[in-house]
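The structure appears below as structure tokens.
The values are calculated or read from the model by the stated rules, or taken from the named source; none is laboratory data. Predicted, not measured: the structure shown is a model, and the values here were computed from it. Please note: Cβ atoms are built from the backbone with ideal geometry, for glycine as well, and neighbour counts cover all protein chains shown.
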Amino acid sequence: MQKIGIIGTGIFGTALALTATRAGNQVLCWDRKTEIVRAINQKHVNEVHLPQIPLPESITATENLQDIFNFADIILLVVSAQATRSVLQNIKPYIKANTIVVLCAKGIEMESGKMLSEIAAEIIPEATIAVLSGPGFAVDIAECKLASVTIACAKEGIAKKLTECLGTKSFRPYSTKDIISPQIGGSVKNVIAIASGIVEGARLGDGARAALITRGLTEMMRLAKALGGNLTTLMGMCGLGDLVLTANCPQSRNFSFGYEIGTSGQAKEVLANNTRTVEGIYTAKAVLKRARELNVEMPICEIVNRILFEGISINAAMQELMSRPYKEEGF
């Protein structure tokens, strides 16, 4: 049994708290909202994010960040990608030499184009950084439906340790030392999922969507390779697996957001009315920034940016992609 701290008790954070408890661990969660902390401790439920699922008494909560680090050496950081930098700065005073911080958000920082592990290396260099990524909707994981993920850490033995303390009969982690590919897979798939939703909403055909997802995987592989990732890793849960789920399912916020654009014909109004956290919106800009710096060709991500932020029509976007020069299969 391990003691595990979880920073961020949204839907995914709560689902991971349940998973960690089912694996036999004690869990302490942090949230800044008093009502969430009180409900977890007194009513044993997250009334805001997962009101339908009772929490065991082995899951407790606090509003004090320092409590998390006094309690545990394994910390799951489950805040949004764009909030990760500020949270890392807040936890910096509490980091110890043996602290393991597992980054669970999927995305690249919009302003800098940096992966979350790069930001963590800057702010908390003394910590051991790991990444958790892969297919699985938070509600499904919370409801104990079957899911598999990738856990990555460059430090020998840490990913294996984490898989052993988080794995259950319904939650199966695979381990790798490749910390780059899970982050690129988890980021780029959100952009491709928006594109896939656009294709579906615009009724461009199943064949078009299959082709887009396939070439999206190619773009994911190009960027990961340029950053030093292992292409074999991307053929697992954190790449192909996550892309298959997110780019095909209406339950995906990125896919459903793209679908709204596809049905309406343009992005401006959908963007203006959106109230959900759709990480692919921010990641689209960040991915393209990093790709241009590395001279990596990512035409689908380029087109998604133009649809979202430059007002190009869907018809013009698709014609542009279909008019690209012919080439041999491969990446």
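Quick notes on this structure:
- Segment 258-276 residues that are in a loop (DSSP other than H, G, I, E, B), paired with ones that are surrounded by 14 or more Cβ atoms within 10 Å (Cβ to Cβ) (beta carbon under 7 Å, 6 or more apart): Gly265/Ile314; Ala267/Ile261; Ala267/Ile307; Ala267/Leu308; Asn274/Phe257; Arg276/Arg253
Listed here are the residues, each with its yes/no results for (1) in a helix (DSSP H, G or I); (2) under 30 Å from Val287 (Cβ atoms); (3) without any contact (Cβ under 8 Å) to a residue 60 or more places away in the chain; (4) among the aromatic types (Phe, Trp, Tyr).
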{"site": "Phe12", "(1), (2), (3), (4)": "yes, yes, no, yes"}
{"site": "Thr21", "(1), (2), (3), (4)": "yes, no, yes, no"}
{"site": "Arg38", "(1), (2), (3), (4)": "yes, no, yes, no"}
{"site": "Gln42", "(1), (2), (3), (4)": "yes, no, yes, no"}
{"site": "Leu76", "(1), (2), (3), (4)": "no, yes, no, no"}
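- Scanning segment 124-159 for residues that are closer than 18 Å to Arg22 by Cα and either more than 16 Å from the chain's Cα centre (by Cα) or among the aliphatic types (A, V, I, L, M) (or both) yields Leu132, Ala138, Val139, Ile141, Ala142, Glu143, Cys144, Lys145, Leu146, Ala147, Val149, Ile151.
- The set of residues in segment 156-211 being assigned by TED's automatic domain parsing to the domain that holds Val304, of a type in the set (Lys, Arg) and assigned to a helix (DSSP H, G or I) consists of Lys189, Arg209.
- Here segment 125-137 is the region considered, the condition is being surrounded by fewer than 20 Cβ atoms within 10 Å (Cβ to Cβ) and in contact with a strand residue (DSSP E or B) (Cβ under 9 Å, 6 or more places away or on another chain), and the residue that is modelled with the highest pLDDT is Thr128.
- Segment 115-155: number of residues that are in a loop (DSSP other than H, G, I, E, B), free of Cβ contacts under 8 Å to residues at least 60 places away in the same chain and either closer than 21 Å to Val101 by Cα or not hydrophobic (A, V, I, L, M, F, W, C) (or both): 7
- Taking the criterion of being part of a loop (DSSP other than H, G, I, E, B) and surrounded by 22 or more Cβ atoms within 10 Å (Cβ to Cβ), the residues of segment 80-106 that qualify are Cys104, Ala105, Lys106.
- Tally of residues being of a type outside the set (D, E, K, R), without any contact (Cβ under 8 Å) to a residue 60 or more places away in the chain and under 23 Å from Val270 (Cβ atoms) across segment 209-234: 1
- From Val304, Val296, residue being in a helix (DSSP H, G or I) and surrounded by 18 or more Cβ atoms within 10 Å (Cβ to Cβ): Val304
- Residues (out of contact with any strand residue (DSSP E or B) (no Cβ under 7 Å at 6 or more places or on another chain) and either of a type in the set (Asp, Glu) or assigned by TED's automatic domain parsing to the domain that holds Ser252 (or both)) located in segment 2-40: Glu35
- Within segment 225-257, the residues that satisfy the criterion of being within 19 Å of Thr283 (Cβ to Cβ), polar (S, T, N, Q) and assigned to a loop (DSSP other than H, G, I, E, B) are Asn248, Gln251, Ser252.
- Checked against (1) within 24 Å of Thr163 (Cβ to Cβ); (2) out of contact with any Ser or Thr (no Cβ under 7 Å at 6 or more places or on another chain); (3) not polar (S, T, N, Q), Pro56 passes all but a single condition, namely (2).
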